[in-house]
Amino acid sequence: MKVYEELKKMGKVDPMSKPEYKFIVITISTDKINELRNMDGILKIWLDKQVKIPKPIEDEVLEVTKPVKPNMFMSVYTINAYDAWMDYGVYGDNVTVAVLDTGIDPLQPFLQQTMDGKRKIIDWYDTTGEGYVDTSYNITNASVSNGVLTINQDVTVDWGTYYYLAGRSSRYFSIHINSVKIGNITSANGVYHFGLLPDRYFDMDFDQNFNEAHFVLIVNSSQYYDTVYVDTNDNLDLTDEQPIHIFHSTGDILKFGPGELSECLQYDVNHDLFGEIETICNATLGVVLTEIDPTGKYVNFGWDGGQHGTHVSGTIAGYGMAGTYFEGLYGVAPNAQLMAVRVLSSIGYGSTSWIINGMLYAAIYGPDWIPFSGDEADIISMSLGGLAGYNDGTESPENFYVNYLTELTEVVFSISAGNDGPSTNTVGSPGDADYAITVSNYWESDRWYLLYGFDVIDGPAMSSSRGPRMDGMFDPDVMAPGTDIFSSLPVWSIGYYGTPMSDYYSGTSMAAPHVSGTVALMIDYARQHNLNYDPFKIKEALELSAKKVDGSTMIDQGFGLIQADKAIAELEKLSDENSIVLYAGTTFTPFKNPIEKKLIPYAPINDYMSSMYDIPYLYRGVYLRNELPVTVPIYVYAFKYNQTEGQLDQITGTFQVSAGVNWIIPSVDEVNVGENGSMFYITIDYSRLQKSGTYVGLIYIDDPNTEYLEGYVPVIVYMPINKNGESEAKIIDTEKPGQAKHYYFSVPRGTQELEVTIKIPTGDEGSPLGRTKLVINDPTGSSAEYDGPYIGAGTSYIEYTYHIMKPNAGVWEITAYSSVSSSAYGISEDQYEINVKTYSINLEPSLIKKDFDTPGIKEIKATAINSHSDLNVSVLGVGVGKLDVTYPRVENVSQDFIKLVNIIESNESLYYMNVGITQPEDPNADLDLYVWYYETLDQLLNDLNDGIIDNYTNQYVNQIGPTSEEHLELFMPPYGYYLIGVHGYDTAGLNPIHFIYYEQILNDNGDVIVNTTPFEFKSGDTKTITANVNLSEEG
């Protein structure tokens, strides 16, 4: 608590902070960041970032001509949940699932009760502040006369954190209240508290007026304030309103709106600058009281204004009662009960701290606010997050708390993988946390045929994020149905096809709740039979029992499609074993910059295992992408899960080592793991990897005397189609509709152009024999550089070429995805041809690293090979510069504006450029660094003059993500002009907001001397290049 007290002196500590559980949220000025970093007792520091819920995915724009209301048994059959019900007699009884999302509609008939009549939604908590009301205003009995409460005060209303996204110019405003009719309402202590509940981001009464606030009165009926009245019809008369109490105790629900409408409305019910039009036919909003201050100073209300949370909840635990629209429909665990935790506002925006606060509430506190009293969640379902361009497991505080709470509380996290597929290395946070069960979207041919008449391959959906993490760890872990999932929406909603309070949604958001429901069945069975279980056993049981599907690798599907009945059987086998957690991995990574500095981990201190247990950081898998070493070291540390203490205890022991594939050869058959860990080597037999593609194998580290698989290290090899360094290659292949295949091409340093052409062959009558697109990723694997159009059937062309100029060196990924609609064109198997070619002058060695003890002029030699056409060339030498000097300055930008901060000319002298932004005035801000490239000054001036930055430019976007810590590093940048701008995507209400912009620019200073005489360099020729490098000072 000493740290907590010191932090309160530095800035404003948010009341949501829980220092006893390593969670403090503080707003401080940027000039105190270094002081914060150097403070004793601080474990980790993160920026509180803005987050946004992923919208339901439309993999292709398709229309259902005759929508079918599918029985939700389709999903429960797919994952064998029905078999688990019948064979094991489990329905999720007495299991609580917390849904961290936009909330759950308390009026939704599919979510009213369990099959045995218990309340379905047993708790509601809100971390967003959307339903917060300041009721510190008060008045006494002296102001009550003839049933009228005379107030005559100005009441201030807070429009909320994201007021500017609702188009408001100010966060606060005041409303004058003269008097309110209260009739016989009394307060036992004679003091009435009141405030105003505004339509912050949602039109609560559906009157299309967002600039209103509803009067709230709190009265005291006993020792504490416990009863609330809300003026839902805004007539300042509470005699026509019903009192409401805390939801988890009473189940009370307040109704806003006129109810069923004679004529439906169409408007943006979510007050959002980027909102969508909704059709409202039943204008009824269910609102609950989530929190009330015992002294009457504030209250909080909850509702689902975003729809997403209610849809997810129906999949987990819905039960269609007789006489309702959902009669005969069931979620995966129909007897499980739900805890609604709103961490995202009605417009889908939230913050990292809101999500972590919700995690802590669900796992530690529960509705009685007493830690570990037994009313906490057993499972936390999180259909949120996604790829931010970097994913090694250390990038987000949410990952830390997923791991921390899993150990501390035994809660099980089921988290969506994200919707950034079909390329690999696209799973995002918090789904890429070590201990999370990360779920990808499985689509099935039966569902596609039912809804669209398409014959589609079973397997991971096109949009579903793939693994591995950048550090080589497996993700996703498993698959579950996530495409066209029919489930509940708030009662005010109409589905896309006109279905009342329900709709078809797609995405990994819809897959994760299937796993949450399945885990509820597993826990139900374990409790009925007094089995020992914990999150580690549950995750392993799901993985070992999953069904692998053909046509996809483990980085696409993880261990496969979950099977609920088999997972229960597997859990029973594991129940008598200790839960052993092996921290195993390597020190090798393929992700390096041009001078071979490791790019990951960005912040090793954020790694959970190494920082919490004081062991060296390891990459959790052997990821062989841009380099193919023959031998790689593997390090192992062993721990046993201590359920009593909620932590891992380090242990020693002997484990057998084996490989699941014949191309991985361990140096030992067993390893003795001591207190300082242990190490062995693996050798990769590349002679067995002749074909281009993705190879995945597991190194098993196991105690053969147990049912439990103690640990494994994945080995992933991306074998390029030009594995011998060829400058061009061809792929002729086929795939089923809805399938994605990954190919790789090694691009050497010095490449001027990467050319990728896809061609669809035609039949005898000229009809295309496929409908396919390409998605091309750079060697970091963190972003889709080029996401091309479908070609072939249904389009006007059968050939498409991508020209990628000056591509980064390394292994590029080319993913071919064939359309789900191919079968509509009579295609059962898509055919395609991909041609890849590079144009380059390569140096051998491509990177020269030497250390010298003394200064002086040093001679360096390399061999140049021309794989381009015949050229007339000159040799250029630039340098020498240092990377330890940065030039920062303070800049500012306003909300939704772009501030141009610099223009950098790149010529033959400039060989290194690094520009970035950091330390915004408010840590909650989200600023984006934009960099536009122009070949000529005239092009740049044209765009500046007409104010439209799109005429001649290429834009660098890899550095853009939900953060204000962004940079772009270019080595030997193309000649031309770079326009640097900063976009005020979210300035946290500051107009303008200040931040630090910095540059590192290295220009030639004449210290690298070469022969610059032009010479003719014929295609295929080689030439020795000599450089004399003047190293005149230490460094």
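Laid out as a table, the results:
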| quantity | calculated |
| --- | --- |
| Tally of residues being touching a Pro at 6+ places or on another chain (Cβ under 9 Å), surrounded by 14 or more Cβ atoms within 10 Å (Cβ to Cβ) and among the small types (Gly, Ala, Ser) across the stretch 867-902 | 1 |
| Members of the stretch 218-252 that are of a type outside the set (Gly, Ala, Ser), under 25 Å from Gln108 (Cβ atoms) and outside any loop (DSSP other than H, G, I, E, B) | Val228, Tyr229, Val230, Ile244, Ile246, Phe247, His248, Thr250 |
| Only listed residue being within 30 Å of Asp896 (Cβ to Cβ), of a type in the set (Gly, Ala, Ser) and under 36 Å from the mean Cα position of the chain (by Cα), chosen from Gly89, Gly129 | Gly129 |
| Close pairs (7 angstrom Cβ cut-off, 6 or more residues apart or separate chains): assigned by TED's automatic domain parsing to the domain that holds Val668 and in a loop (DSSP other than H, G, I, E, B) in the stretch 688-705, surrounded by fewer than 17 Cβ atoms within 10 Å (Cβ to Cβ) and of a type in the set (S, T, N, Q) anywhere | Pro704/Gln656 |
| Selected residue [touching a strand residue (DSSP E or B) at 6+ places or on another chain (Cβ under 8 Å), assigned to a loop (DSSP other than H, G, I, E, B) and under 26 Å from Trp492 (Cα atoms)] from Phe210, Phe215, Phe206 | Phe206 |
| Candidates Glu327, Glu407, Glu398, filtered to the one that is free of Cβ contacts under 8 Å to residues at least 60 places away in the same chain, under 25 Å from the mean Cα position of the chain (by Cα) and farther than 24 Å from Glu291 by Cα | Glu398 |
| Test: Asp446 is more than 14 Å from the chain's Cα centre (by Cα) and closer than 30 Å to Lys741 by Cα | yes |
| The stretch 448-474: number of residues that are charged (D, E, K, R) and either over 17 Å from Val820 (Cα atoms) or crowded, with 24+ Cβ neighbours inside 10 Å (or both) | 3 |
| Unique match (being surrounded by fewer than 22 Cβ atoms within 10 Å (Cβ to Cβ) and in contact with a Phe, Trp or Tyr (Cβ under 7 Å, 6 or more places away or on another chain)) among Ser575, Ser611 | Ser575 |
| Single unsatisfied condition, Pro604 versus (1) of a type outside the set (A, V, I, L, M, F, W, C); (2) outside the structural domain of Ser516 (by TED's automatic domain parsing); (3) in contact with a helix residue (DSSP H, G or I) (Cβ under 9 Å, 6 or more places away or on another chain); (4) at positive phi | (4) |
| Strands (runs of 3 or more DSSP E) contained in the stretch 740-824 and holding at least 2 residues at positive phi and at pLDDT 90 or above | none |
| Matching option when the condition is at pLDDT below 95 and in contact with a strand residue (DSSP E or B) (Cβ under 9 Å, 6 or more places away or on another chain), among Thr406, Thr352 | Thr352 |
| Test: residue in the stretch 339-347 that is surrounded by fewer than 24 Cβ atoms within 10 Å (Cβ to Cβ), more than 30 Å from Ile814 (Cα to Cα) and of a type in the set (Gly, Ala, Ser) | no |
| For Arg688: the one exception among (1) among the charged types (D, E, K, R); (2) more than 30 Å from Val411 (Cβ to Cβ); (3) within 30 Å of the chain's Cα centre (by Cα) | (3) |
| Residues (surrounded by 22 or more Cβ atoms within 10 Å (Cβ to Cβ) and touching a Gly at 6+ places or on another chain (Cβ under 6 Å)) located in the stretch 522-549 | Asp524, Ala546 |
| Subset tally (residues that are aromatic (Phe, Trp, Tyr) and part of a helix (DSSP H, G or I)) for the stretch 164-193 | 1 |
| Single residue of the stretch 230-287 satisfying the filter (small (Gly, Ala, Ser) and surrounded by fewer than 20 Cβ atoms within 10 Å (Cβ to Cβ)) that is nearest to the chain's Cα centre (by Cα) | Gly275 |
| Single match in Gly558, Gly551 (criterion: over 30 Å from Leu254 (Cβ atoms) and at pLDDT below 95) | Gly551 |
| Options Thr161, Thr150: the member that is modelled with pLDDT of 95 or more and not aliphatic (A, V, I, L, M) | Thr150 |
| Candidate set: the stretch 800-852, residues that are of a type in the set (Asp, Glu) and surrounded by fewer than 21 Cβ atoms within 10 Å (Cβ to Cβ); chosen: the one farthest from Gly766 (Cα to Cα) | Asp851 |
| Residue match in the stretch 316-332 (condition: of a type in the set (Val, Ile, Thr) and either in contact with a Pro (Cβ under 7 Å, 6 or more places away or on another chain) or surrounded by fewer than 24 Cβ atoms within 10 Å (Cβ to Cβ) (or both)) | yes |
| Ser840 vs. criteria touching a residue at least 60 places away in the same chain (Cβ under 8 Å), of a type in the set (S, T, N, Q) and more than 21 Å from Ile1025 (Cβ to Cβ) | no |
| The stretch 291-312, subset of a type in the set (S, T, N, Q) and within 20 Å of Ser249 (Cα to Cα), residue surrounded by the fewest Cβ atoms within 10 Å (Cβ to Cβ) | Thr295 |
| Residue among Gly738, Gly711, Gly725, Gly792 that alone is farther than 22 Å from Ser821 by Cα and crowded, with 17+ Cβ neighbours inside 10 Å | Gly711 |
| Spans of strands (runs of 3 or more DSSP E) in the stretch 965-1035 with at least 3 residues touching a Lys or Arg at 6+ places or on another chain (Cβ under 8 Å) and of a type in the set (A, V, I, L, M, F, W, C) | 1022-1031 |
| Val97 being assigned to a strand (DSSP E or B), at pLDDT 80 or above and either outside the structural domain of Gly507 (by TED's automatic domain parsing) or out of contact with any Phe, Trp or Tyr (no Cβ under 8 Å at 6 or more places or on another chain) (or both) | yes |
| Selection from the stretch 620-631 of residues that are at pLDDT 95 or above and buried (at least 20 other Cβ atoms within 10 Å of the Cβ) | Arg620, Gly621, Val622, Tyr623, Leu624 |
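Listed here are the residues, each with its yes/no results for (1) outside the structural domain of Thr683 (by TED's automatic domain parsing); (2) over 26 Å from Ala363 (Cβ atoms); (3) outside any strand (DSSP E or B).
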residue	(1), (2), (3)
Pro616	no, yes, yes
Asn626	no, yes, yes
Pro629	no, yes, yes
Ile634	no, yes, no
Lys640	no, no, no
Thr644	no, no, yes
Asp649	no, no, no
Thr654	no, yes, no
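The values are calculated or read from the model by the stated rules, or taken from the named source; none is laboratory data. These numbers were taken from a predicted model, which means no experiment stands behind them. Please note: Cβ atoms are built from the backbone with ideal geometry, for glycine as well, and neighbour counts cover all protein chains shown.
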